[in-house]
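Visitor: One structure follows; several queries about it will come next.
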Amino acid sequence: MRVVNLASGSKGNVTFFEAGGVKILIDTGLSLKEIKTRLELVGEKLENINAILITHEHSDHIKGFLQVLKCTKARAYAPKTTIYDYFKISDEQLLDRISIISEYPFHIGDILVSPVYVPHDSMECLSFVIEYKNRKVGIATDLGFVPTLLLNKLEGCDLVYIESNHDRNMLMSNMYPRFVKQRIIGDRGHLSNEQAASAIVFLAKKGTKHFVLSHISEHSNTISLAYLASAKALEKEGFVLEKDVFLRYSRQDKPGNNYIFGEDNDD
């Protein structure tokens, strides 16, 4: 199993996943050209993508969707509202290559994908737990709080991408209009550093060792603030960083860390 985030943030989100001979893009929030470039940076080619998973209809997650679908032979898996209400797709040839998904698990080859509805200011928004043999990866970005069901699904993941979107003090003091700030901190907005840290501590206690802080705001956060919030929370609970738990972050401008997990229980 191989996982690498290609971009994360308000300007575009894309993650590459590979296992069992299947290559998947999770979200397509960059232009077609930029997705090709990012894939090439990690040694992959767009034409080899077999499947596309879409979390929700916001532009930073679906910007390149139609172009990627048309330029590949990939099958897409997306919420009903993204396909019919946002894109309003009626082309039967395209629809034949799209599977509508909700909260029910499904297979892509030997890969099991378990979607989980999460609270966000979109028509529908999903997080994903992706399993191959005895390995699991969680993708949990764009949510206002972490539902218990999602935490339960993420238990036992080898790797979790979780948004650490904003520092509350920095957000409240920036130039955003008040209604935007309230939207971000609301239950259908984005996770704060403290909310992310709390979820990370919970999952670390359940055995997850690798975490990637994601969707870090360029205007209401910094990588340092996001990292320190989770690092301090973990250390307070007795975890030793770089031994018990490995904490990383994803970026908007370039691919992040390359994760490769074997099929046994060793990293």
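The values are calculated or read from the model by the stated rules, or taken from the named source; none is laboratory data. Because the structure is a prediction, the values reported are computed rather than measured. Here Cβ is always computed from backbone atoms with ideal geometry, including for glycine, and neighbour counts include all displayed protein chains.
Visitor: Consider T72 carefully, then state whether it is crowded, with 22+ Cβ neighbours inside 10 Å and of a type in the set (V, I, T). Don't jump to the end; show me each part of the working.
Guide: On the way: crowded, with 22+ Cβ neighbours inside 10 Å: no; of a type in the set (V, I, T): yes.
For T72, the condition - crowded, with 22+ Cβ neighbours inside 10 Å and of a type in the set (V, I, T) - is not met.
Visitor: List every residue pair whose Cβ atoms sit under 6 Å apart, with the two residues 6 or more apart in sequence or on different chains, where the first one lies in region 1-20 and is of a type in the set (K, R) and the second, anywhere, is not in a strand (DSSP E or B).
Guide: K11/Q252
Visitor: Then there's this: Would it be correct to say that K36 is in contact with an Asp or Glu (Cβ under 8 Å, 6 or more places away or on another chain), over 23 Å from S99 (Cβ atoms) and of a type outside the set (V, I, T)?
Guide: No; evaluated as a whole, the condition is false for this residue.
Visitor: Limited to region 192-249, what total is found for residues that are among the acidic types (D, E) and on the phi > 0 side of the Ramachandran plot?
Guide: Residues in region 192-249 being among the acidic types (D, E) and on the phi > 0 side of the Ramachandran plot: 1 in total.
Visitor: Quick check: anything in region 29-36 on the phi > 0 side of the Ramachandran plot, free of Cβ contacts under 8 Å to residues at least 60 places away in the same chain and within 16 Å of the chain's Cα centre (by Cα)? Explain how you work it out, then say what you get.
Guide: Taking region 29-36 as the starting set, the residues that turn out to be on the phi > 0 side of the Ramachandran plot are none.
No, every residue in region 29-36 fails to be on the phi > 0 side of the Ramachandran plot, free of Cβ contacts under 8 Å to residues at least 60 places away in the same chain and within 16 Å of the chain's Cα centre (by Cα).
Visitor: Here is a follow-up. Quick one: how many residues across region 153-173 are surrounded by 15 or more Cβ atoms within 10 Å (Cβ to Cβ) and among the polar types (S, T, N, Q)?
Guide: Residues flagged as surrounded by 15 or more Cβ atoms within 10 Å (Cβ to Cβ) and among the polar types (S, T, N, Q) within region 153-173 amount to 2.
Visitor: Another one. Condition check: in contact with a strand residue (DSSP E or B) (Cβ under 9 Å, 6 or more places away or on another chain) and farther than 18 Å from N13 by Cβ. Does A196 satisfy that?
Guide: Answer is no for this residue.
Visitor: What are the residue pairs meeting all of these: first residue in region 128-150, first residue under 14 Å from I184 (Cα atoms), second residue surrounded by fewer than 21 Cβ atoms within 10 Å (Cβ to Cβ) and among the small types (G, A, S), Cβ atoms under 6 Å, and 6 or more apart or on different chains?
Guide: Final answer for the pair search is G144/G186.
Visitor: Can you work out which of the residues in region 82-103 that are surrounded by fewer than 15 Cβ atoms within 10 Å (Cβ to Cβ) and under 18 Å from the mean Cα position of the chain (by Cα) is nearest to H58 (Cα to Cα)?
Guide: S102
Visitor: Before we move on, is I223 under 20 Å from A19 (Cβ atoms), modelled with pLDDT of 95 or more and more than 16 Å from the chain's Cα centre (by Cα)?
Guide: For I223, the condition - under 20 Å from A19 (Cβ atoms), modelled with pLDDT of 95 or more and more than 16 Å from the chain's Cα centre (by Cα) - is not met.
Visitor: How many residues does region 151-177 hold that are under 20 Å from H61 (Cα atoms) and free of Cβ contacts under 8 Å to residues at least 60 places away in the same chain? Don't jump to the end; show me each part of the working.
Guide: If we filter region 151-177 for residues that are under 20 Å from H61 (Cα atoms), which is where we start, we get 160-166.
Next, only the ones that are free of Cβ contacts under 8 Å to residues at least 60 places away in the same chain stay: 160, 162-163, 165-166.
So the answer is 5.
Visitor: Considering only region 213-267, state which residues are surrounded by 14 or more Cβ atoms within 10 Å (Cβ to Cβ), touching a residue at least 60 places away in the same chain (Cβ under 8 Å) and assigned to a loop (DSSP other than H, G, I, E, B).
Guide: Result: H215, I216, S217, S250, R251, Q252, P255, G256, N257, F261.
Visitor: Can you find a residue that is of a type in the set (S, T, N, Q) and modelled with pLDDT under 95 anywhere in region 258-265?
Guide: Start the filter on region 258-265 by keeping residues that are of a type in the set (S, T, N, Q), which leaves 258, 265.
Narrowing further to those that are modelled with pLDDT under 95: 265.
Yes, the conditions are met somewhere in region 258-265.
Visitor: Starting from region 37-62, take each residue that is of a type in the set (G, A, S) and list its partners that are in a loop (DSSP other than H, G, I, E, B), counting only C-beta distances under 6 angstrom and pairs at least six apart or across chains.
Guide: Taking only residues 6 or more apart or on different chains, the pairs are A51/A74.
Visitor: For region 189-212, enumerate the residues that are surrounded by 24 or more Cβ atoms within 10 Å (Cβ to Cβ) and within 25 Å of M123 (Cα to Cα).
Guide: Correct list: H190, L191, S192, N193, A196, A199.
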